[in-house]
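Take a look at the structure below.
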Amino acid sequence: MVSTPWHTCSPDRRAILPQVTEGLRTVVVAFGALAAGFTWLSFHTAAIPVSSADRLVSELRLAQMGAILLAMSAGADIGLAVAHESTQGVGLDVALAIGFFIAAAATLVREPRQALTILALAFALHAVFDVAHRPGWVLPEGIAPGWFLVGCALFDVFIGGLCYFPILRRS
């Protein structure tokens, strides 16, 4: 059986193909670039000997970048709440997002090891926050496309793991 290319399919068959929007493509590229840079920084940090002063500097840079990413995620949450201002429950979204801003800010005045641990935990909590927008959960549903919430949760878990990776490599 010969398969026909997707662009020559009938409109009925195209309807079952996944819809890749411009927003999805852009978010995947942006999150991919951020994750790649953060992955490199985390692995670079873990490769530096623990006794070296460069290790402390690299951990500090990783913590600062992690704080920026957490603040960016919280900002996205507030943006989604503003875009859906009439939806019941967005006030809780904003309150939780402010909590993530505070966690990000608190890491800036901590020793890098503590900061990275706080960030790892905050990203894990943020992943739960993203998943909590599913139907029947506490937070309002329909505030963002499902692919965005699942993608953000995966991104949060990945970045949180990378925050903690150099700490694991200390021992």
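Listing for the model above:
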read-out: Global form of region 89-171, assessed from the alpha-carbon gyration tensor, a/c cut-off 1.5; value: oblate
read-out: Residue-wise HN-Hα coupling along region 157-170, computed from phi with Karplus coefficients 6.51, -1.76, 1.60 (Hz; x: Gly, Pro); value: 5, 5, 5, x, x, 5, 5, 8, 3, x, 5, 5, 7, 5
read-out: Among Thr45, Thr87, Thr26, residue whose mean-square fluctuation peaks in a GNM of the chain (springs only between Cα atoms under 10 Å); value: Thr26
read-out: The chain: angle of helix 53-83 to the longest principal axis, Cα-based, in degrees nearest 10; value: 40 degrees
read-out: Derived scalar couplings ³J(HN,Hα) [region 92-105; Karplus, 6.51 cos²θ - 1.76 cosθ + 1.60; whole Hz; x for Gly, Pro]; value: 5, 4, 5, 4, 5, 4, 4, x, 5, 4, 5, 4, 4, 5
read-out: Magnitude of the charge dipole, the chain, Cβ model with Lys/Arg +1 and Asp/Glu -1, debye to 20; value: 500 debye
read-out: Mean Cα-pair separation over length for region 54-126, i.e. relative contact order, pairs under 8 Å, 6 or more apart, %; value: 43 percent
read-out: CD proxy at 222 nm, helix term only [per DSSP H run n ≥ 4: -39500 (n - 2.57); per residue of the chain; nearest 500]; value: -24500 deg cm²/dmol
read-out: Rg/Rh (Cα only; Kirkwood hydrodynamic radius) as it applies to the chain; value: 1.09
read-out: Among Ala144, Ala127, Ala53: highest mean-square fluctuation, GNM of the chain, C-alpha pairs under 10 Å; value: Ala53
read-out: Amide hydrogen neighbours beyond the local backbone of His133, cut-off 5 Å, H modeled; value: none
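Throughout, read-outs are computed from the coordinates displayed, never taken from laboratory work. All figures in this text were calculated on a predicted structure; none of them were measured in a lab. Here the Cβ is made from the backbone with ideal geometry for all residues, glycine too, and neighbour counts use every protein chain on show.
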